[in-house]
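None of the figures in this text is laboratory data; all of them are computed from the coordinates on show. Only a predicted model underlies this, so the values are computations on that prediction, with no experimental measurement involved. Backbone-built Cβ (ideal geometry, glycine too); neighbour counts: all protein chains shown.
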Amino acid sequence: MNEVVVIVYWETNSDAEASMRKFMKDTSVVNFVNMIDGSTMKMARYTVK
């Protein structure tokens, strides 16, 4: 099983939330999204203090 972790740093929680909502619908990444098995994907946010 392959696992990939992508870490993105955002200025605000609002920016992170907007990005997560937009990602799966964004036409610029449609080819990439079509390769994702949604049942195995998890998107999460963590706060670094």
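The single condition from (1) without any contact (Cβ under 8 Å) to a residue 24 or more places away in the chain; (2) assigned to a helix (DSSP H, G or I) that Met20 fails is (1).
Given the condition surrounded by 10 or more Cβ atoms within 10 Å (Cβ to Cβ), part of a loop (DSSP other than H, G, I, E, B) and of a type in the set (A, V, I, L, M, F, W, C), answer yes or no: does some residue in segment 27-37 qualify? So far as segment 27-37 goes, yes, one or more of its residues are surrounded by 10 or more Cβ atoms within 10 Å (Cβ to Cβ), part of a loop (DSSP other than H, G, I, E, B) and of a type in the set (A, V, I, L, M, F, W, C). Could you check segment 5-34 and list, in sequence order, the residues that are under 20 Å from Val48 (Cα atoms) and not hydroxyl-bearing (Ser, Thr, Tyr)? Passing the criteria: Val5, Val6, Ile7, Val8, Trp10, Glu11, Asn13, Asp15, Ala16, Glu17, Ala18, Met20. Can you find a residue in segment 39-48 that is touching a residue at least 24 places away in the same chain (Cβ under 8 Å), touching a helix residue (DSSP H, G or I) at 6+ places or on another chain (Cβ under 8 Å) and in a loop (DSSP other than H, G, I, E, B)? The answer is yes, given that some residue of segment 39-48 is touching a residue at least 24 places away in the same chain (Cβ under 8 Å), touching a helix residue (DSSP H, G or I) at 6+ places or on another chain (Cβ under 8 Å) and in a loop (DSSP other than H, G, I, E, B).
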